[in-house]
Ligand SMILES: Cc1cc2nc3c(=O)[nH]c(=O)nc-3n(C[C@H](O)[C@H](O)[C@H](O)COP(=O)(O)OP(=O)(O)OC[C@H]3O[C@@H](n4cnc5c(N)ncnc54)[C@H](O)[C@@H]3O)c2cc1C
């Protein structure tokens, strides 16, 4: 199962993960345009949780028991059997925030553009390595697939 | 006679939760889902969004249209189960067909409570529980312009109906007998904020009152007579005062009933091979360590899911649920779970923070260093972290002072919990 995990001992809170997540989810996927030109800026789906010197990037950890999926009243949150990941369809989302209540990690946020939909990490399934992981300078975000889980942890 | 390894009555949160769990282990075992509603499975809470034109009709459906095919499920829709013979393991449908089962799930949900109000037998009025209700009200609105609607009940369903009708440009008056809206799920402070929000959107809220009579002519309602004797004119009456377990099917049967169907943590009833979940059942509540009605979508789905695992031979316990509500009114989010005020005779520490200028409010109830209740108003991000702490009975004494921070989240938890959040697969 595809999963991004975080290592707070090497996270410096640089927020490059947020920046590259936003680029990856922008229309143009171009960093300058994504931040300066696009009318509707994409929301980053990873956020750096920070308290003093302590920080880590938080995004969907693709739970084995995805309670956000189980709780969703509209079917917008779903388990995609093809990629083995929990995905969210903003077109189906009605913004009831039940997924926010169900996620014990606090990884799902409201789309701050005022869209009344949830914003959730999609694990960049179309990429070999998710954008946040690829651009983390310190390996504070690591991609694990099920079979290699043991060695990584 | 048709025979199924798994027979599910109820094509909604609980029934689908069970079917999906069964198919995780048993990919082939024959399965059927019965419902007296004809529709493909839909998100029941979405009927208000459809009524309010906030979503198109096709968005109301909860799973893709090829769902039953893909999961190898016979969907027996538009048929009502009228009898269960538990000795012979046979369910009888309203067209007299008999269906034999090996494992049976009762996921029959709720039925709207309509009080005996004068005039309801003569004049048109609506419940607000099913997609058909939503379709009927829409049809009514398309036939005749309605200026004013009266909604009886200021609970979650009543207010969602009021929101939807407001979106359609109708003046809505909500009549609630309690002294405030949403009284079962919010405290006084949070209720007052929500009442402000809905009133500022044009909904009139009349608390502490009810109406005693519906009046009209030619079968159509044109007003209600309040308990004060005053008549309020309206073109539409919606009754939304609550839902009760729908247990008519097992009323005079050996199935043990209390307020709902009695189940254990495995979601088994007292009858072998018969399970129950969702709004029709009294399910485990981790907070009170007791079994009670928890008529909510997430608890119905997860309870059904656990039932399904057990039906397919995987022993699992349902320990995930308690009272938990997430809802949004006119773009204004609220989440609450557990106790909203300390129950009578129990000592609880109460932490609150209110910021009137942002209309935000947070509240926690703490007993023996354990969080027993939470309310988040207008700032709901990371609320799930708290519900997780409640469920895992975490001792919060070392970070209690941080709880009320607006950004309280995983980063404020002790190292062991942070590590779980950051690396664990569950
Ligand atoms: C307008 C509205 C808004 C809501 N909003 C929320 C919300 O925001 N969050 C939340 O958590 N919950 C919400 N709820 C509650 C939620 O919808 C229910 O808790 C949930 O649907 C319960 O699921 P269930 O599977 O137990 O039963 P139900 O959804 O009630 O489904 C039971 C099904 O079984 C069928 N059935 C019953 N008996 C028979 C029989 N004898 N033969 C054949 N079929 C039968 C019924 O027709 C029905 O289709 C809302 C409810 C309503 C009405």
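Bear in mind these aren't lab numbers, they're just calculated from the coordinates by the rules spelled out. Since the structure is predicted, the reported quantities are computational estimates derived from the model, not experimental observations. No Cβ is skipped: glycine too gets one built from the backbone with ideal geometry, and neighbour counts run over all protein chains shown.
Between residue B:25 and residue A:126, the modelled labels are 3.8 nm apart [label points 7 Å from Cα along Cα→Cβ]. Sorted fewest first by neighbouring Cβ atoms within 10 angstrom, B:267, B:324, B:226 come out as B:226, B:324, B:267. Distance between the pseudo-spin-label points of residue B:5 and residue B:77 (7 Å out from Cα toward the beta carbon): 2.5 nm.
Ordering of B:243-255, B:187-199, B:327-339, B:373-385 by packing is B:373-385, B:327-339, B:187-199, B:243-255, highest average first (other Cβ atoms within 10 Å, averaged per residue).
Computed from the Cβ-Cβ distance with R0 of 41 Å, the FRET efficiency linking residue B:196 to residue B:56 stands at 0.85. Here the stretch B:374-412 is scanned for amide nitrogen atoms under 14 Å from the site 7 Å beyond the Cα of residue B:350 along Cα-to-Cβ, giving B:374-375. Test of understanding: extend the Cα→C-beta vector of residue B:189 to 7 Å, then name every residue of the stretch B:373-411 with backbone N under 19 Å from that spot. Backbone N within reach: B:373-384, B:386-387, B:400-409. Take the Cα of residue A:29, go 7 Å toward its beta carbon, and the backbone nitrogen atoms of the stretch A:99-143 under 17 Å from that spot belong to A:122-135.
Compared with the direct C-alpha span, the chain from residue B:122 to residue B:399 gains 93.8 nm at full extension, assuming 0.36 nm per residue. Considering chain A as a Gaussian network with a 10 Å cut-off on Cα pairs, which listed residue, A:44, A:130, A:90, attains the greatest mean-square fluctuation? Judging by the Gaussian network model, the answer is A:90. Label-to-label distance, residue A:79 versus residue B:253, with points set 7 angstrom from Cα along the beta-carbon direction: 2.8 nm. The stretch between residue B:228 and residue B:139, if pulled fully straight at 0.36 nm per residue, gains 28.8 nm over its current Cα-Cα span.
Dividing the summed -39500 (n - 2.57) terms of all DSSP H runs of n ≥ 4 by the residue count of chain B sets its mean residue ellipticity at 222 nm at -6500 deg cm²/dmol.
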